[in-house]
Each structure stands twice: as structure tokens, then as C-alpha cells.
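The structure appears right after this line, and notes come after that.
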Amino acid sequence: MNKEPTIQLIDVNKTFGTQHVLKGVNLSIYEGKTIVIVGESGQGKSSIIKHILGLIKPDSGKVLVYGKDVNRISKKELKDIRSNFGVLFQNAALFDSMTVFDNVALPLRERTSKSEQEISAIVNEKLEMMDLHESNEKFPAQLSGGMRKRVGLARALALNPKIVFFDEPTTGLDVAKSNEIYRVFFRTQSKLGYTAVIVSHDVPKIFKLADYVALMSEGVIQDSLSPEDFQTSDNPAISDFVEKTMGRIYESGQVEG
Amino acid sequence: MFLLRFSETLGSHFLYYVNQAGRMGIFLFLVIFNMFKLPYYKISNITKQIYSIGTLSIFVIIFTGAFTGMVLALQGYTTLRKFSSEGLLGSAVALGLIRELGPVLTALMVTGRAGSAICAEIGIMRNSEQIDALECMAIDPYKYILAPKFIAAIISMPLLNAIFNVVGIFGGYAIGVGLLGLNKGAYFYSMYKDVEFNDIYMGLVKSFCFGLIMVWTCSAKGYFVHLERNGGFGAEGVSRVTTSAVVLSSVSILVFDYFITSLLL
């Protein structure tokens, strides 16, 4: 990890009302790598993503993307930085009055000068990648949760972004649908080579995707380690989290064998 | 203790409303700035909004316009007859509609029909992270969602007002001439004689301003639904903010009506 980080959070603090959620978060994310941020609910994992996206401003600290502080740059510079982003929101955030096709085509229509024919070819390619090519005339309300997430991912990847954010990509999906999302992730990342920032609860399965796992606990990132090192870490917060999420369900060793 | 709590509450309310006013002012500035910023819009974005704000309001405008003209004729005839001036009914109906009732009632009807829809649509987009999604795609919501609605409202409102006035005048004609037996030449002649360009200009200025007020208050309320004092989340939050947008818009229209009239008279 000698290279400069693509994304860097330095001592980021944020308070919502009376709740001090981020208490000096430090985190580095490197190009082409996948980082998974884990932690219990309400710890501020999604807030970290929103800070990087420039949707929330920190009370103090810096959020650097490609070396630029997203809170101290002009609107145009922020727009330029965001043009490298693709985001899969927790609830997919699809435009409910548009068809699947139009949802995926939107960034292409608004951000490029491609002809409708070129846009159609790209959208169909992305939808095929997600096994959604037969649903392009449907509206989001007519899709299942897993399909909606795949449309969200197709839209996030429409402009071949350099960094893709996944906010709880499998929350609310059953095991089969979650695996489907993971397969799509594997397929697209190996093809497009983007940097991925994933916030997830799906431990330990999500470790299979990660180059690094970071634990968000007590308002700070406890550490960012490879999945193997994470599981054997001496950090009490990490070992406690590993024990809670991956430990035995039953108290008695005999029951579990 | 009571005084302290009272001044605390008063101060917090004051700060909240000052904050809200400032937010709405900056919002208006940003939308107007984006209306003129390159690249210009795809025509389809604006025509879609004109259809939704203007075309879909035509029926309700025709309906209310007709009945307003009819009741004006009925009331006007009864009053004018006392002074043996029934012949002035045409100008009374036309001036009442063109200068006052046309712009105000059109704006109130459009606020109820399209303003509430604008507020709810934007509020739901905010709550379901669709606006965040746009920003993350480097698409400016001020340019993509709001500016076309502003342009459509400013174009639609004067046109709807014109339809309201024409239908109202013919509604008055139906009652005055058809029902009450007034001479049809007298109805149109008095209108021709008394209605001046300034009256039409005043109506136009009013409907333009009311269109701006309607789309400004309704879209700003929806856009900032998440910053509402009593929590603007979920269906209840959107419904509450939609109600307050319609009330604020209607009251502002009536208040500004007075000021515009006093300026232009």
C-alpha cells in the first residue's frame, strides 16, 4: 500500500442533534481495492459513505477524494469528482416514475452527448450483465427487491465509474438473492476494475469480497485489515465483533459440536 | 422560569423561521440561476411539466372560470339594475375577471391541483433518496428537476388565466344575455369600451407572479421536507408538508395580490 489513497478520511467528526456519531474517523481507501465497512447498526457506517459523496458535511476533519477535500472545493469540482462515482443506495433509490430502461439511461442522457442509439446499446449491455434485459419496460414498483438492487447497480455502472459505493447491498434480501448480488458484484468488478466501498452487515459472507475489512465502532474506525487478519485481530473491539457475529450461536460446545 | 422558557421557545421559533426564509431565498436564487445556465434543457423536460401543470389543469380552470363568470353576472346584474345600468354588465364581468378574480382564482386552483402534486412529488423524491442519487450521478437537481417546473409554471399560469377569463366572460354572457335577457350587443360593447390594455397587463403581471409564488413555495417545501421542524420523514411527513405548502402558497398569493394591485393601479 505505498500508493496514495484514492479516498482518505482524516479525523472526521459529525454530530446529529445530540448524538456524536463520528468521533474522529480515519480511513484510507486504495484504487482498485474493495473495502468493506462493518459494524453494528447505528454506528454511522452509512454516514461515512455520505461524507465521501459530499452529501453530508463533517463538523470537523477532512474528506479527501483524489487528494481534494470534497467540502472545500467548488460545486463544479465536486461535480467532476462525483462523475467518477457510482452509488448503489440501500433502497436502490430508483426513479419510480421511470421504467427500468430510463433509470439506467438517465446518467447517459444527462451527462453525455451520446445518441439515443448508443445509449440504448449501453443500457441493454448493462441490463444483460444484470440478467434484467427482459424487464426493461417495467417500473420499479413491479420489481422484486433483488431486481431493484440490480437495476440500481446497472444504473451505478452505466458510466463505468472508477469508484462504486454499496450501501447495505443485500439488506432485506434472502440468501439466494444476496448471493445473486454478490455474483453480479464479482462479475462486474473483475470486468470493470472499479474501487468498491461496501457497507454491510452480511458477516462473514461479505469477507469473501473484501480486500480490506474496517470495523466502525464507538464512533471510530477501529482498524482496516485483510479479512484473515481481521478475524484474528487482537484489537478487543474487533475480536469482540468477530466473536459476536461469527462465534458459536449456542453456549454449549456439545450442542454445536 | 416561565419567562425563560417562553423566551427560549420564542427565540427558537424565530430562528427556525429566519432559517427557513433564508433557505427559501437561496433556493429561489439557485433555481433562477440554473434556469439560465447552459446547457439548455431538453424541450421534452419542459413540455412534460407544462402538460402536468398546465394541460391537466385546463378542465378545472374551465369549470371554475365558467361558474365564476356566471355568478359575477348574476350578482352584477342585480346590483346594476338598482342604478338602471344593466348595460354595463359586460364591462363589470370582464374587468372583475381580468384584473382580479381571473389571476387569483386561477392561481388558487392551480396551487390546489398542481402545486400540491409538485410538493408531494419532490418530497417523496427527497425521502426515497432519489435527489441524493441525482447529486451522486453529478446531475444537478436544481437544473434537472426544479428549473423545468419553474419554467413550466411561469408559462402555464398566464395561459390558464387567459382561458379562465375567456370562459368566465362567456359564462357571464350565458347568464346575462341568455337567462336575464340583456342585449348581447350591449354586453360586448361595454366590455370593448371599458377594458383597456392596462387591465390586461395587470392580470398578466399578476398571473406571472402567482405562477412563480406557487411553484417556489410548493417545490421548496418538498425539497426541504427532511429539514422540517416536526420531522418530515415518511408518508405523514410528506402529507404534512404538502398541506403547509398549499396553505403558504395560497396565503402568499392573496397577500401579493394586494401589493401588486396597489403598485399597478
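The values are calculated or read from the model by the stated rules, or taken from the named source; none is laboratory data. What you see is a predicted model, and the numbers here were worked out from it, not measured in a lab. Backbone-built Cβ (ideal geometry, glycine too); neighbour counts: all protein chains shown.
Taken across segment B:71-85, residues that are touching a residue at least 24 places away in the same chain (Cβ under 8 Å), outside any helix (DSSP H, G or I) and crowded, with 18+ Cβ neighbours inside 10 Å do not occur at all. Would you please list the contacts, defined by Cβ atoms under 6 Å and residues six or more apart or on different chains, that run from a residue in segment B:218-235 that is modelled with pLDDT under 75 to a residue that is surrounded by fewer than 18 Cβ atoms within 10 Å (Cβ to Cβ)? Pairs that qualify, where the first residue is modelled with pLDDT under 75 and the partner is surrounded by fewer than 18 Cβ atoms within 10 Å (Cβ to Cβ), are B:GLY232/B:HIS226. Remark: A:VAL104 falls outside the filter, which requires a residue to be of a type outside the set (S, T, N, Q) and within 26 Å of A:GLY219 (Cβ to Cβ).
The single condition from (1) surrounded by fewer than 21 Cβ atoms within 10 Å (Cβ to Cβ); (2) more than 11 Å from chain B (Cβ to nearest Cβ) that A:PRO169 fails is (1). Of B:ILE169, B:ILE145, all but one fail to be buried (at least 18 other Cβ atoms within 10 Å of the Cβ) and modelled with pLDDT under 95; the exception is B:ILE145.
Within segment B:110-167, the residues that satisfy the criterion of being at the interface with chain A (Cβ under 9 Å from one of its Cβ atoms) and touching a Ser or Thr at 6+ places or on another chain (Cβ under 9 Å) are B:GLU121, B:MET137, B:ALA138. The single condition among (1) acidic (Asp, Glu); (2) in contact with a helix residue (DSSP H, G or I) (Cβ under 8 Å, 6 or more places away or on another chain); (3) at the interface with chain B (Cβ under 10 Å from one of its Cβ atoms) that A:GLU137 does not meet is (3). Annotation: A:LYS191 fulfils all but one of (1) at pLDDT 90 or above; (2) more than 14 Å from every other protein chain (Cβ to nearest Cβ); the unmet one is (1).
Kindly evaluate A:VAL203 against the criterion of being within 23 Å of A:THR6 (Cβ to Cβ), in contact with a helix residue (DSSP H, G or I) (Cβ under 7 Å, 6 or more places away or on another chain) and among the β-branched types (Val, Ile, Thr). So A:VAL203 does not fit the description; no.
A single entry from A:LEU132, A:LEU94 fulfils the requirement of being buried (at least 20 other Cβ atoms within 10 Å of the Cβ), modelled with pLDDT under 90 and of a type outside the set (Phe, Trp, Tyr): A:LEU132. Note on segment A:27-57: residues that are farther than 21 Å from A:PRO161 by Cα and loosely packed, with under 15 Cβ neighbours inside 10 Å total 4. B:VAL238 passes every criterion in (1) touching a residue at least 40 places away in the same chain (Cβ under 8 Å); (2) aliphatic (A, V, I, L, M); (3) closer than 26 Å to B:VAL93 by Cβ; (4) surrounded by 14 or more Cβ atoms within 10 Å (Cβ to Cβ) apart from (3).
Residue check: is B:ARG99 buried (at least 19 other Cβ atoms within 10 Å of the Cβ), within 13 Å of chain A (Cβ to nearest Cβ), basic (Lys, Arg) and in contact (Cβ under 8 Å) with a residue 12 or more places away in the chain? No: the conditions fail for B:ARG99. Just so you know, in segment B:7-52 the residues that are in contact with a Ser or Thr (Cβ under 9 Å, 6 or more places away or on another chain) and aliphatic (A, V, I, L, M) include one that is surrounded by the most Cβ atoms within 10 Å (Cβ to Cβ), and it is B:VAL31. If you go through segment A:168-185 and keep only what is farther than 12 Å from A:LEU153 by Cβ and within 14 Å of the chain's Cα centre (by Cα), you end up with A:GLU168, A:THR171.
I'm checking my understanding of the structure. Among residues of segment A:95-121 that are in contact with a Phe, Trp or Tyr (Cβ under 9 Å, 6 or more places away or on another chain) and not β-branched (Val, Ile, Thr), which one is nearest to A:PRO140 (Cα to Cα)? So the residue we want is A:ASP96. Picking from A:LYS162, A:LYS177, which residue would you name as being away from every other protein chain (no Cβ under 14 Å) and either within 30 Å of A:ILE29 (Cβ to Cβ) or modelled with pLDDT under 90 (or both)? The match here is A:LYS177. Quick check, is B:PHE59 closer than 30 Å to B:GLY185 by Cα, within 19 Å of the chain's Cα centre (by Cα) and free of Cβ contacts under 8 Å to residues at least 24 places away in the same chain? Answer is yes for this residue. Inspect segment B:77-96 for any residue being of a type in the set (Lys, Arg) and within 27 Å of the chain's Cα centre (by Cα) and give the result as yes or no. Within segment B:77-96 (the criterion being of a type in the set (Lys, Arg) and within 27 Å of the chain's Cα centre (by Cα)), the answer is no, since none of the residues qualifies.
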